[in-house]
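Here's the structure, in structure tokens; my notes come after.
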Amino acid sequence: MKKAFSILFIIVGSLTIVTVADGATLHEQVVPAFVSVYGRQPTAAEKAWWEGRVDRQEKTTYQALVGAMAYQREHAGSSPLAGGLPAGIADDKQTMIKAVLPLFVNIYGNDPTAAEKVWWRKRISCGDITKYKNLVSSMQYHKAKNVRKGSDSICGVKAAAVASSPGGVSRRTVAGISTHPMGDEVRIGIFKTDGRAIHVTANGSFQVREGRTKILATVDKDDVVQVSWSDEKYHVRGSGLNLDPVSEVRLVPLAGAIMQITSYSDPSPTITGKNYNRFRGVIEIRKCNGCNELWAINELRTEYYLRGLAETSGQGPEEYIKALGTVARTYVLYHKVITGGRFVRQRFDIDNTANDQLYRGYEYELITSRMASIFNKTKGVIVTNGEGDKPVVTVYFSDSDGRTRSAQEQWNSSRFPHLQSVKDPRHASSTCRGHCVGMSAQGAYGLAGQDKWSFQKILKYFYKGVSLVKAY
């Protein structure tokens with residue numbers, strides 16, 4: 001008789017924990033995960049390849065396994081082992097960085113070591129390789145020379161070099177994270193419909209695109225475009241448009257125009273008449289892969305995203321706000337770079353709710369200008385592992401009962417050694433308000449205000465063994 005098993009997804013604050021019940025191991029979940037993504041049984045070679053990734057602990061949760069398979073299917077076609085990635089893959093940094101692993105496997109026949117993966121991704125992130133075809137040819141050249149990575153002296157500096165900067169924060173390039181002065185483009189899920197039209201306008205002209213590059217129309221200020229989904233097509237109406245593209249619709253502002261989703265309601269609980277439905281950056285309307293959800297996604301640079309963060313009012317000690325901004329920045333970049341996004345089928349990194357981080361966009365930015373000014377003082381600073389080469393997950397919560405909980409204690413997970421239990425002397429609650437793992441917001445507020453701690457000291461207290469890195 002086959003062993004029965006089940007998967008339980010638990011949303012805990014800012015983190016999704018996956019529990020495998022009834023004794024099933026992640027190794028035993030490879031076939032069910034493959035079937036759910038590819039719609040067929042894996043071949044023996046495919047099964048062995050994915051089981052090998054589990055055995056090497058490259059994927060340690062069911063969610064991560066399914067996410068990797070979904071990404072592989074999108075870029076490699078029907079088989080994760082057939083042909084690597086298509087030759088026409090986009091030449092943007094983030095796409096190429098994610099392509100390194102499957103491309104390496106395709107060319108070398110096995111997985112790269114951590115150092116090899118970092119080396120290739122660093123060449124992309126620093127601009128040494130700017131085209132996918134050049135990445136392929138460079139990797140093929142190294143393979144022909146029987147070399148898996150080159151010298152550590154790349155991008156004009158030694159790969160392991162870390163330049164010190166004041167305040168205990170190191171300046172270095174982190175693989176996978178853009179060096180753009182406003183940070184990576186991050187994708188935030190705003191709201192969804194069942195296919196019904198999402199209405200968008202702007203205070204300036206904007207383009208209607210199919211995908212990233214195909215311009216369908218340019219729309220004037222205050223004109224409203226409606227995008228819906230049915231019969232396997234998008235339907236773009238309004239402002240004289242009658243278009244039915246098959247790929248996602250992107251509404252791209254021109255000359256810094258601010259986009260407004262007029263069919264979305266997020267009213268302020270304190271300001272009468274205030275609706276948080278205006279956003280910097282692109283609004284993308286995308287149908288979920290394999291589900292009946294039509295999403296409005298806000299794509300914008302990391303630092304602009306932080307300006308609309310609604311986790312705080314912007315009041316309180318400056319060092320507390322610096323700490324909060326740093327963990328919020330790290331959290332979204334961790335999911336973009338390390339997990340490939342918490343919403344794989346929907347194709348965005350995190351959403352705008354308390355399940356991830358409260359985000360209210362441009363309108364909130366207007367009323368919390370002090371917060372944006374303080375965040376700017378830590379621009380590009382993230383929390384990384386001790387080696388400083390990758391971001392860690394910086395979960396945080398409202399208030400503790402006097403101590404935080406470790407990830408092991410709260411979630412039975414050993415994956416996050418930086419999430420340990422610590423005393424929280426500045427707490428104000430008799431019970432935990434939130435999941436109680438990571439940084440206590442009330443505790444950080446008190447340590448910054450009453451104890452005059454710096455944001456660096458606060459972060460290194462709540463997250464053990466970490467380094468602070470200025471990545472851009």
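Brief remarks on what is shown
- Checking residue 392 against (1) over 18 Å from the mean Cα position of the chain (by Cα); (2) β-branched (Val, Ile, Thr); (3) within 24 Å of residue 447 (Cα to Cα); (4) open to solvent by 10 Å² or more (accessible area, probe 1.4 Å), the condition it does not meet: (1)
- Considering the conditions (1) surrounded by 24 or more Cβ atoms within 10 Å (Cβ to Cβ); (2) under 29 Å from residue 64 (Cα atoms); (3) in contact with a Phe, Trp or Tyr (Cβ under 6 Å, 6 or more places away or on another chain), residue 320 is excluded by exactly one of them, (2).
- Some residue of region 358-380 being closer than 30 Å to residue 261 by Cα, open to solvent by 10 Å² or more (accessible area, probe 1.4 Å), among the aliphatic types (A, V, I, L, M) and not in a helix (DSSP H, G or I): yes
- In the set 332, 344, only one residue is crowded, with 24+ Cβ neighbours inside 10 Å and either within 27 Å of residue 65 (Cβ to Cβ) or of a type outside the set (Asp, Glu) (or both); that residue is 332.
- Every pair of residues 6+ apart whose Cβ atoms lie under 8 Å, when the first sits in region 442-457 and is more than 14 Å from residue 424 (Cβ to Cβ) and part of a helix (DSSP H, G or I) while the second is modelled with pLDDT under 95 and not β-branched (Val, Ile, Thr): 449/316; 456/167; 456/168
- Near pairs, Cβ below 6 angstrom, 6+ apart or cross-chain, from region 352-364 (in contact (Cβ under 8 Å) with a residue 12 or more places away in the chain) to any residue that is β-branched (Val, Ile, Thr): 352/188; 352/190; 355/11; 356/350; 359/188; 362/258
- Residues that are open to solvent by 30 Å² or more (accessible area, probe 1.4 Å), at pLDDT 80 or above and among the hydroxyl-bearing types (Ser, Thr, Tyr) do occur in region 20-27, at least one of them.
- Any hit, region 402-414, residues being part of a loop (DSSP other than H, G, I, E, B) and either under 19 Å from the mean Cα position of the chain (by Cα) or among the charged types (D, E, K, R) (or both): no
- Screening the candidates 97, 89 for the property of being part of a helix (DSSP H, G or I) and either open to solvent by less than 60 Å² (accessible area, probe 1.4 Å) or modelled with pLDDT under 85 (or both) yields one hit, 97.
The values are calculated or read from the model by the stated rules, or taken from the named source; none is laboratory data. All of these numbers come straight from a predicted model, not from anything done at the bench. We place every Cβ from the backbone using ideal geometry, glycine too, and count neighbours over all the protein chains shown. All accessible areas refer to the heavy atoms of the entire protein, side chains included, with ligands and DNA or RNA removed. Shrake-Rupley method; radii C 1.70, N 1.55, O 1.52, S 1.80 Å.
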